[in-house]
Amino acid sequence: MKNILPILAIVLLSIITFVSCKKTDNGSGTSSSFINATINGVAYNRSACVAVVTDTTLNVYGDATSTVNLTYPFMEMSVEKYKGVGTYLIPGVTGAFNNADIDSSSNGTYVYSGVYGVINITSVSSTYISGTFSFTSDDSTKVSNGSFTAVVGN
């Protein structure tokens, strides 16, 4: 009996520790990243998205788990003079280059390059950045109903 009590106490403490641990999430109740939009009426839904913040620039890469692990075609958005939650216009105000586009291949070919639109950053934490977006491309393609939650990474 003396030998069973210490073992039982260790097992019980292990169970309590395991049950009390919770999965971290991005504030939306999920632990995954995504990027979704409607492109000329056609759904664009991807289950991975990463954000990179350097100095005052935000880059969001849809359909990517890192900036070196991109799946083509992928959505890309850039915000210069990034200051966190807020509204950023495409192409941006004087001195800021804001852009959104869909890259079709690793050779830098753009399917849609945003001429005007908006990127709204709605939530920022140390691990996730979320927002909405819409833009019209240089060939009048309409990208609407855009939303994303990106893992902050590299």
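The figures follow:
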{"quantity": "Full-extension gain in nm, Ser147 to Asn120, via 0.36 nm per residue minus C-alpha separation", "calculated": "8.8 nm"}
{"quantity": "Neighbour net charge for Val52 - beta-carbon separation under 14 angstrom, K R +1, D E -1", "calculated": "-3"}
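Bear in mind that the values in this text are calculations on the coordinates, not laboratory data. Computed from a predicted model, the values in this text were never measured in an experiment. Note that we place each Cβ from the backbone using ideal geometry, even for glycine, and neighbour counts take in every protein chain shown.
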